[in-house]
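S.K.: Sharing a structure below in structure tokens format, with a few things to ask.
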DNA sequence: GGACCCGATGTTTACGTAAACATCCCGTGG
DNA sequence: CCACGGGATGTTTACGTAAACATCGGGTCC
């Protein structure tokens with residue numbers, strides 16, 4: 001910076017003013033400084049800036065994995081929005097989904113140069129961890145029920161599940177079977193709870209839950225069990241991948257979709273239009289979740305206050321070809337064949 | 001730091017020595033300092049450290065999108081490996097895949113606190129951009145043919161494609177049709193080139209290429225066209241998603257897989273086992289690519305030298321149920337029906 | 001016409017850390 | 001018993017920036 005100042009024939013403070021876009025620099029001076037910067041290839045040193053200002057213009061993101069569509073799409077949206085706001089994103093993968101792993105990530109983040117943190121993970125681990133955040137570092141949590149302690153942004157999982165189940169009931173199905181995600185997952189839990197509530201409110205039988213682990217493989221196994229269940233005509237899978245597995249299992253067992261069995265997924269993966277048949281599913285707006293996270297976090301950072309509470313991003317049901325009215329009622333079995 | 005020093009009854013320099021694990025501090029002193037640190041909740045300020053040392057212990061990752069499986073898995077591996085080496089990852093999304101977008105990202109990175117950069121993108125844009133890297137910042141490029149200018153790490157795309165095509169020829173197919181990715185993609189280009197080469201070397205007819213854009217939807221459209229081609233008994237899709245679309249199109253047109261038509265994909269997505277039928281595909285080791293990137297970059301950072309050249313990570317063909325010998329030769333059409 | 005004011009620019013200083021150098025003290029060997 | 005050496009610790013300084021304050025000069029108002 002001193003070199004630039006010398007070349008431009010001004011003081012380093014004026015250079016600083018120009019580089020920060022400070023007002024009060026006459027146009028002719030400003031142009032000289034800019035020319036000198038270009039000539040010397042000057043780049044402001046962000047470490048020195050951060051040291052001086054005490055803020056880093058950086059947001060940390062803590063997560064377990066990027067391999068799920070939801071996480072990678074959310075992170076992508078977070079990164080895009082942050083970039084637009086002039087913030088950088090630092091990724092903080094947690095090696096193992098254990099208490100130590102999470103604690104370790106937070107400790108490292110504490111030493112790190114971030115003004116705020118976005119946490120994308122199952123919150124029961126957050127519960128277990130004694131979170132000691134560096135003072136002045138704000139947090140927003142995704143996919144969690146920690147709304148009483150931290151600001152939370154999430155898809156409206158419950159409403160999406162309700163729409164899915166109601167759609168199947170409206171088509172005339174007596175009840176809906178459910179392939180759920182892992183027990184530790186809050187998303188999974190909320191989808192299952194909404195499914196159960198709708199059935200109970202409608203006075204329908206609540207069939208036993210089939211548990212998967214989000215993978216297509218686990219959906220396939222669950223699908224094989226459901227295919228053996230003659231009364232099962234409607235299945236709500238907690239995500240699209242498991243729905244894909246269910247479709248394969250039903251196909252293998254000769255149960256036609258949607259003629260004999262209807263299937264609904266959750267996520268609306270880009271591929272869902274190419275499943276056999278194209279999948280009716282609940283669309284999640286991951287991009288909006290990401291934007292809201294960044295927005296909420298920056299608001300906190302600027303205002304220095306964190307208000308717990310949950311922001312819900314709406315979901316919409318996308319009806320494709322995997323759902324239809326059930327076959328003829330069991331009173332006249334095989335009447336349609 | 002001064003507070004810690006005061007509480008521990010030592011100088012701030014001794015505190016610094018303890019916090020950096022410097023030798024030459026007597027055990028009893030060290031313990032006192034550590035106790036004081038804990039009591040005051042001291043955390044080293046990374047901005048000040050970076051300013052003093054001139055290095056940031058941070059790696060920047062430039063990419064267009066996280067929505068492709070390959071990119072998100074690679075980034076995940078990069079983040080994990082970097083964390084293990086004590087480096088943080090800063091994400092740098094490029095808004096638009098244009099020259100300006102790329103240039104903008106590099107400019108911002110120049111002002112950013114990174115010791116090295118990993119670029120994940122189609123390199124013909126790199127070509128067009130006049131890359132002015134901040135001095136001392138190293139680069140590794142993924143998925144590119146810039147091996148003459150930068151170190152490159154990539155999956156061995158060509159070999160994977162060769163294995164796929166040879167597998168189909170070995171099964172007895174007369175030739176193999178290809179659904180390729182977008183023209184701008186180097187991965188796509190290399191897979192297509194290897195496909196063509198194998199066919200030519202085997203003296204087979206090279207059918208016209210069907211072009212897709214990586215999406216299942218585009219694979220579906222290509223599949224519809226191929227389904228109308230009676231002589232087409234073997235299809236190599238440049239990725240699994242397009243293969244999924246092809247499978248759907250063939251199914252809709254009543255062409256059975258693999259009895260009538262064989263299909264091979266590329267990527268080995270986790271879902272590929274649940275396609276109808278489970279997909280034969282080329283497995284990519286994204287995790288290894290990520291590890292190599294970080295490893296190579298850190299080596300450069302430590303040695304201060306960059307050696308252009310390409311590191312290839314091997315691929316393996318995973319044979320599942322979407323490939324089989326062709327139906328009876330056209331000399332006796334329909335003889336098997 | 002002079003006091004005052006305000007905009008443009010310069011000077012000083014501090015942010016938190018760690019390298020370089022200085023100092024102190026104890027043990028050892030001649 | 002003293003000089004010397006080396007390990008432990010303290011003091012000084014600089015990293016690049018920007019806030020706070022200082023200065024300077026020209027225009028405005030009474």
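S.K.: Suppose the filter is in contact (Cβ under 8 Å) with a residue 12 or more places away in the chain and more than 24 Å from residue A:300 (Cα to Cα); does residue A:16 pass it?
M.R.: The answer is yes for residue A:16.
S.K.: A further question on this structure: What strands (runs of 3 or more DSSP E) lie completely within the range A:236-337 and have 3 or more residues being surrounded by fewer than 20 Cβ atoms within 10 Å (Cβ to Cβ) and touching a helix residue (DSSP H, G or I) at 6+ places or on another chain (Cβ under 7 Å)?
M.R.: A:309-313
S.K.: Which residue out of A:319, A:263 is in the same structural domain as residue A:223 (by TED's automatic domain parsing) and touching a strand residue (DSSP E or B) at 6+ places or on another chain (Cβ under 6 Å)?
M.R.: A:263
S.K.: Does residue A:35 qualify as being more than 9 Å from DNA strand C (Cβ to nearest atom), modelled with pLDDT of 90 or more and either buried (at least 16 other Cβ atoms within 10 Å of the Cβ) or assigned to a loop (DSSP other than H, G, I, E, B) (or both)?
M.R.: In short, no.
S.K.: Another question about this same structure. Filter the range B:9-20 down to residues that are near DNA strand C (Cβ under 7 Å from one of its atoms) and exposed (fewer than 15 other Cβ atoms within 10 Å of the Cβ) and give me whichever is farthest from the other protein chains (Cβ to nearest Cβ).
M.R.: Selected residue: B:13.
S.K.: Only one of A:93, A:23 is more than 9 Å from chain B (Cβ to nearest Cβ) and in contact with a helix residue (DSSP H, G or I) (Cβ under 9 Å, 6 or more places away or on another chain); which?
M.R.: Criteria check complete, one pass: A:23.
S.K.: Identify the single condition in (1) within 14 Å of another protein chain (Cβ to nearest Cβ); (2) assigned to a helix (DSSP H, G or I) that residue B:214 does not satisfy, given that it satisfies every other one.
M.R.: (2)
S.K.: Do you know which residues across the range B:221-235 are in a helix (DSSP H, G or I) and either out of contact with any helix residue (DSSP H, G or I) (no Cβ under 9 Å at 6 or more places or on another chain) or more than 10 Å from chain A (Cβ to nearest Cβ) (or both)?
M.R.: Matches in the range B:221-235: B:221, B:222, B:224, B:225, B:226, B:227.
S.K.: If you take the residues in the range B:153-184 that are farther than 20 Å from residue B:283 by Cα and under 20 Å from the mean Cα position of the chain (by Cα), which one is surrounded by the fewest Cβ atoms within 10 Å (Cβ to Cβ)?
M.R.: B:183
S.K.: Just checking, how many residues over the range A:16-26 are within 7 Å of DNA strand D (Cβ to nearest atom) and outside any helix (DSSP H, G or I)?
M.R.: So the count comes out to 2.
S.K.: While we're here: Being assigned to a helix (DSSP H, G or I) and within 23 Å of residue A:327 (Cα to Cα) narrows it down to one of A:198, A:179, so name that one.
M.R.: Among A:198, A:179, only A:198 is assigned to a helix (DSSP H, G or I) and within 23 Å of residue A:327 (Cα to Cα).
S.K.: Also: Mind checking whether some residue in the range A:194-210 is within 14 Å of another protein chain (Cβ to nearest Cβ) and either within 30 Å of residue B:219 (Cβ to Cβ) or surrounded by fewer than 20 Cβ atoms within 10 Å (Cβ to Cβ) (or both)?
M.R.: no
S.K.: Please verify whether residue A:7 is free of Cβ contacts under 8 Å to residues at least 40 places away in the same chain, away from DNA strand D (no atom under 11 Å from the Cβ) and not assigned by TED's automatic domain parsing to the domain that holds residue A:294, treating the condition exactly as stated.
M.R.: For residue A:7, the condition - free of Cβ contacts under 8 Å to residues at least 40 places away in the same chain, away from DNA strand D (no atom under 11 Å from the Cβ) and not assigned by TED's automatic domain parsing to the domain that holds residue A:294 - is met.
S.K.: Determine if the range B:285-294 includes at least one residue that is more than 15 Å from the chain's Cα centre (by Cα) and away from every other protein chain (no Cβ under 13 Å).
M.R.: no
S.K.: Also: Among the residues of the range A:236-253, which ones are away from chain B (no Cβ under 11 Å) and closer than 10 Å to residue A:220 by Cβ?
M.R.: Once the filter is applied, which keeps residues that are away from chain B (no Cβ under 11 Å) and closer than 10 Å to residue A:220 by Cβ, the range A:236-253 yields nothing.
S.K.: Within 30 Å of residue B:187 (Cβ to Cβ), modelled with pLDDT under 90 and out of contact with any strand residue (DSSP E or B) (no Cβ under 6 Å at 6 or more places or on another chain), is that true of residue B:40?
M.R.: Here the answer is no, as residue B:40 does not meet what is asked.
S.K.: If you take the residues in the range B:50-78 that are within 16 Å of DNA strand D (Cβ to nearest atom) and surrounded by fewer than 20 Cβ atoms within 10 Å (Cβ to Cβ), which one is nearest to residue A:88 (Cα to Cα)?
M.R.: Checked the range B:50-78; the qualifying residue nearest to residue A:88 (Cα to Cα) is B:57.
S.K.: Against the condition more than 9 Å from chain B (Cβ to nearest Cβ) and more than 27 Å from residue A:327 (Cβ to Cβ), how does residue A:256 come out, does it pass?
M.R.: So residue A:256 fails the test.
S.K.: Do the conditions hold for residue A:13, that is, is it near DNA strand D (Cβ under 9 Å from one of its atoms) and either touching a strand residue (DSSP E or B) at 6+ places or on another chain (Cβ under 7 Å) or farther than 30 Å from residue A:313 by Cβ (or both)?
M.R.: Considered against the rule, which asks whether it is near DNA strand D (Cβ under 9 Å from one of its atoms) and either touching a strand residue (DSSP E or B) at 6+ places or on another chain (Cβ under 7 Å) or farther than 30 Å from residue A:313 by Cβ (or both), residue A:13 comes out as yes.
S.K.: Exactly one of (1) near DNA strand C (Cβ under 7 Å from one of its atoms); (2) in a loop (DSSP other than H, G, I, E, B) is unmet by residue A:29. Its number?
M.R.: Of (1) near DNA strand C (Cβ under 7 Å from one of its atoms); (2) in a loop (DSSP other than H, G, I, E, B), only one is false for residue A:29: (2).
S.K.: Next question. List, please: which pairs have Cβ atoms under 6 Å, are six or more places apart or on different chains, and start with a residue in the range B:45-63 that is more than 8 Å from every other protein chain (Cβ to nearest Cβ) and outside any helix (DSSP H, G or I) and end with one that is modelled with pLDDT under 90 and within 16 Å of DNA strand D (Cβ to nearest atom)?
M.R.: As it stands, the answer is B:55/B:115; B:60/B:109; B:60/B:114, since those pairs meet every condition given.
The values are calculated or read from the model by the stated rules, or taken from the named source; none is laboratory data. Model, not experiment: these values are computed from the prediction. Neighbour counts are summed over all protein chains in view; Cβ atoms, including those assigned to glycine, are modelled from backbone coordinates with ideal geometry.
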